[in-house]
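A quick write-up on the structure given underneath.
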Amino acid sequence: MISIIYIDSMKEQRTNQNDKLAIEIDGSMFTREAILAACNCYLSDYYFDVTLKANNIYLVTICPKSQNPNIPLTIEKEFKNNLIDQQLRNDLEKEFGAARTLLVEKAFSKAKASK
């Protein structure tokens, strides 16, 4: 039996053994880049499988690398928070990336001129 919990644009599925966690993510709210960046933060402890399903839904399956097959309950919340953080970073980079690049270029050009 799989229990399903609906939370905004992400659905969680956890097996009874807690040996893997599957999270469905709405691709209209979160980009592929943000999803992969969120996964990257946990690669030392978990294996990830990311697939694109119908209707722009990503399925992220998380399995532990350790001999202990249980996934802590906190990983779900940590992953979601990290996903939101990564999406926000991507959005801010799109909006202000050019301005940041210009400021850095200006700062380095002044440093070179003063030498």
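Coordinate-derived values only; no laboratory data. The model shown is predicted, which means the values in this text are computed figures rather than measured ones. When we count neighbours, we look across all protein chains shown, and the Cβ atoms used for this are built from the backbone with ideal geometry, even at glycine.
For the reader, a short list of remarks on this structure follows.
- Distance histogram for the range 40-86 (every C-alpha pair counted, 5 angstrom bins, percent rounded to whole numbers): 5, 18, 26, 28, 15, 7, 1, 0
- When the C-alpha to C-alpha distance is required to be over 25 Å, the pairs from LYS53/LYS77; LYS65/LYS94; LYS80/LYS106 that qualify are LYS65/LYS94; LYS80/LYS106.
- Calculated FRET value between GLU105 and LEU73, using beta carbons and R₀ = 41 Å, to 0.05: 0.35
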